[in-house]
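Note sheet for the following structure.
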Amino acid sequence: MGYRSTSECIQALEKEGQLLRISEEVDPHLEMAEIQRRVYAAGGPAVLFENVKGCKFPCVSNLFGTPERARLIFKDTYSRVAALVAAKADPAALMKHPGKALQAGLSGLNALPKKVDPKNAPVFECRAKISDLPPIVSWPDDGGPFITLPQVYSEHPDHPGKPLKSNLGMYRIQLSGNEFETDQEIGLHYQIHRGIGVHHKLHSEQDKPFRVAIFIGGPPAMTFSAVMPLPEGMPEVAFAGLLAGRRFRYAQYKDWTVSADADFCIIGTMRGTKPEGPFGDHLGYYSLAHDFPCLEVEEVFHRRDAVWPFTVVGRPPQEDTTFGEVIHDMTGVAIPSELPGLKAVHAVDAAGVHPLLLAIGEERYTPYVKTIRPSELLTISNAVLGKGQLSLAKYLFIVNEADNPELDIHDIPAYFRHLLERIRWERDLHFQTETSIDTLDYSGDALNHGSKVVFAASGDAFRTLETEKPDLENCAVVAPGILAVGSAFELETFEKHLENRIAVDDFPLVVLCDDPEFAARDFSNFLWVTFTRSNPARDIGGVGAETRFKHWGCTGPLIIDARLKPHHAPPLIEDPEVTARVDALFSEGGPLETVR
């Protein structure tokens, strides 16, 4: 049966040797976050901070730090929920026909939320203030402490008190700082294309107060469900019940629906906007201060045995990388089945997830002749860029399955090689300009605004990619056919500078960057630099570039200008003094000496 609280989960992990306790006092300002980053990087256990400086609540991190631990937490239901998705069953149908779940060994009844008397809801056992909560700051220039594993719950204005009409999402919460009134206001940051935005808009249109509840901890299935890309019509709380093996229990408090088993709950009402941020985010840069919704706090509740779960985001990989791996393992097969012709898709974590999306598709338009140029691949690309979170992709690469049926979409260097051996720059680039991009991506000209590009390749390989460094100043070979180059030239000048120096069939892709050696040191560096620091319509150029019938292309090497620019957000850098203090904790005789 699923765990009902963070404390229950911790006890189970400790029995399995998957928990490390730190009894020494640790500072929530930067120290706890740096410890978490190191433990995660080492593949270490969950970490329980028993003595948090200035705070009475214990905190735990790295609960979902490895796929194996996530499967352990959901051991009673994991494989069966995955089988349900793999069988292309409609999880939403379980709410109307619970008997259908029996075929997968699940109780469909668990998808139905259960209302309980507030007296039987542990979350109401104690009250607190916002300033009592753990003030965890992850990066030196963060605007204040943030909740990094919140479950933000909202309801449709026409269906108050009805969890099956709710949205549960993970949107960061700023607890203090900037212009927020202490203990009275907190910031709620949500990006474009999020379910809460629909509810917010409806409440505004109907002139109704927008009540929001923020749950922290409780059943781990709730945390996990808050980040799940679920089918339309499947509420996160229903999926959480299936994953937990027990129904989502809720109680009513005034106008709010509250998770009965949460460790903590903050309830409040949206009132206008205030500056939120900066915040060190998962692209590896700060998202800067901007106006976002402000929540006027009504109450803060918590269990007697409350434990505060948290994570840290930053340049991948971090714990949210593992969330992505587990989500793919559980539901990855469902996404291609929803889009005809799409065989596989991979949002590349090392590139920040949304900046780069790889895909493999089928060409079925003319089965009676060999496909020699992308056709249906372009139709599939349009469908992908109109599908849920996939629509936030900035670079979409897609290749034809028939050209190499054994191609593994998760072998990213092999995928790049396959594409670069086949793509024709004068024909196979397709831009979307003046469009929306991920809120956290500062490569565009304004917040939420930039461009997209599709790279589509189909047909036989016609290039033999070069691996030897050419006779060119300040350059490094990243991989076959990919060259990193440092230069002070503007992009258009660099295009001319490169003429007759590099053959397109040797190095079809040239990345203009600040530090070629860093970009070429490993493929993850190349992915991070190239796709987080470029805006396709503005930063792609090429030797022999021309526009023909409004279609841009080039006959020579394609150039991506991935240098840091004045309008970009700064990258995340740790505080050296904090690093020195944390070094001592990992040294011989320290509480973390076994985690290396």
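The values are calculated or read from the model by the stated rules, or taken from the named source; none is laboratory data. Worth saying up front: this structure is predicted, and the values here are computed from it rather than measured. In this analysis, Cβ positions are derived from the backbone assuming ideal geometry, glycine residues included, and neighbour counts consider all displayed protein chains. With ligands, DNA and RNA removed, areas are computed over all heavy atoms of the protein, side chains included. Shrake-Rupley method; radii C 1.70, N 1.55, O 1.52, S 1.80 Å.
General observations
- Scanning segment 487-508 for residues that are part of a loop (DSSP other than H, G, I, E, B), closer than 14 Å to ASP561 by Cβ and open to solvent by less than 90 Å² (accessible area, probe 1.4 Å) returns SER487, PHE489.
- Cross-chain or 6+ apart pairs with Cβ under 8 Å, segment 420-437 first and closer than 18 Å to ALA545 by Cβ, then open to solvent by 40 Å² or more (accessible area, probe 1.4 Å) and β-branched (Val, Ile, Thr): TRP425/THR555; GLU426/THR555
- Matching residues in segment 358-386 - criterion: being touching a helix residue (DSSP H, G or I) at 6+ places or on another chain (Cβ under 7 Å), more than 19 Å from ASN404 (Cβ to Cβ) and surrounded by 16 or more Cβ atoms within 10 Å (Cβ to Cβ): VAL384, LEU385
- Of all residues making up segment 179-207, the number that are aromatic (Phe, Trp, Tyr) and open to solvent by 70 Å² or more (accessible area, probe 1.4 Å): 0
- One residue alone among GLU517, GLU466 is part of a helix (DSSP H, G or I) and touching a residue at least 24 places away in the same chain (Cβ under 8 Å), and that residue is GLU517.
- Selection within segment 445-464 - of a type in the set (Gly, Ala, Ser) and surrounded by 21 or more Cβ atoms within 10 Å (Cβ to Cβ): GLY450, SER451, ALA456, ALA457, SER458
- Among the residues of segment 276-314, those identified as of a type in the set (Val, Ile, Thr) and closer than 19 Å to ASP261 by Cβ are VAL300, VAL307.
- Strands (runs of 3 or more DSSP E) completely within segment 16-70 that count 3 or more residues being surrounded by fewer than 21 Cβ atoms within 10 Å (Cβ to Cβ): 19-22
- Number of the exception - PRO309 against (1) of a type outside the set (A, V, I, L, M, F, W, C); (2) modelled with pLDDT under 95; (3) assigned to a strand (DSSP E or B): (2)
- Members of segment 402-412 found to be in contact with a strand residue (DSSP E or B) (Cβ under 7 Å, 6 or more places away or on another chain) and open to solvent by 60 Å² or more (accessible area, probe 1.4 Å), listed by number: HIS410
- Qualifying residue in segment 528-538 (condition: free of Cβ contacts under 8 Å to residues at least 60 places away in the same chain, in a helix (DSSP H, G or I) and open to solvent by less than 30 Å² (accessible area, probe 1.4 Å)): yes
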